[in-house]
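Have a look at the structure below before the remarks.
The values are calculated or read from the model by the stated rules, or taken from the named source; none is laboratory data. Everything quoted here is computed from the prediction, not taken from an experiment. No Cβ is skipped: glycine too gets one built from the backbone with ideal geometry, and neighbour counts run over all protein chains shown.
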Amino acid sequence: MRMPSFVARPPLARWCLPAGLLYVALGACHGVDADRCNCPPAGVGEATIELSCVPAAEPVVTTTGDGDCTVGRPDPRTIYVVSDVPGTCHVELAFANGTTSSTDITMTSQWLPCGSDPHGCGQGAVATPSTVTLDAPCGDSGVEAASSD
């Protein structure tokens, strides 16, 4: 079945075609759907520190440096380091047996892409490295980490 030419269409049909094209053009050029791109929260960088095993007692975690860092403990083997400003976070873990482990995480400000738009998610903080494994006292003082498949 052939569609009638633009001129042969009724007036309402002639209006709907340009309106539809305008809607598509404006939708394509106006903003980015951040949910579609799974954009991170604006400006927040996150790094994950995995411990080599689960220590018997939770370590004391301190942060220093020029980055404004916050730490979170979702489980006994994982520590999240989060910051929304550029800088270096020095993270130190002090274990009950007196040993320590530490790492530096650098947060840099970068434009985050969404699809073909290099600035689609806006400017955000990116953690380098994004994942670190640190030694923790194992053996009698902790539970060995489960093997991963």
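Observations on the model:
- Counting the residues of region 82-124 that are charged (D, E, K, R) and under 13 Å from Thr70 (Cα atoms) gives 2.
To keep it simple, each residue is scored yes or no on (1) small (Gly, Ala, Ser); (2) closer than 28 Å to Cys39 by Cβ.
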| site | (1), (2) |
| --- | --- |
| Asp68 | no, yes |
| Gly72 | yes, yes |
| Thr88 | no, yes |
| Ala94 | yes, no |
| Pro113 | no, yes |
| Asp117 | no, yes |
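- Selection from region 94-122 of residues that are exposed (fewer than 12 other Cβ atoms within 10 Å of the Cβ) and touching a residue at least 24 places away in the same chain (Cβ under 8 Å): Gly115
- Taken over region 77-91, the criterion of being surrounded by 17 or more Cβ atoms within 10 Å (Cβ to Cβ) and over 24 Å from Ser109 (Cα atoms) is satisfied by Arg77 alone.
- Residues of region 125-149 satisfying the condition of being assigned to a strand (DSSP E or B), over 16 Å from the mean Cα position of the chain (by Cα) and either within 30 Å of Asp68 (Cα to Cα) or at pLDDT 90 or above (or both): Thr133, Leu134
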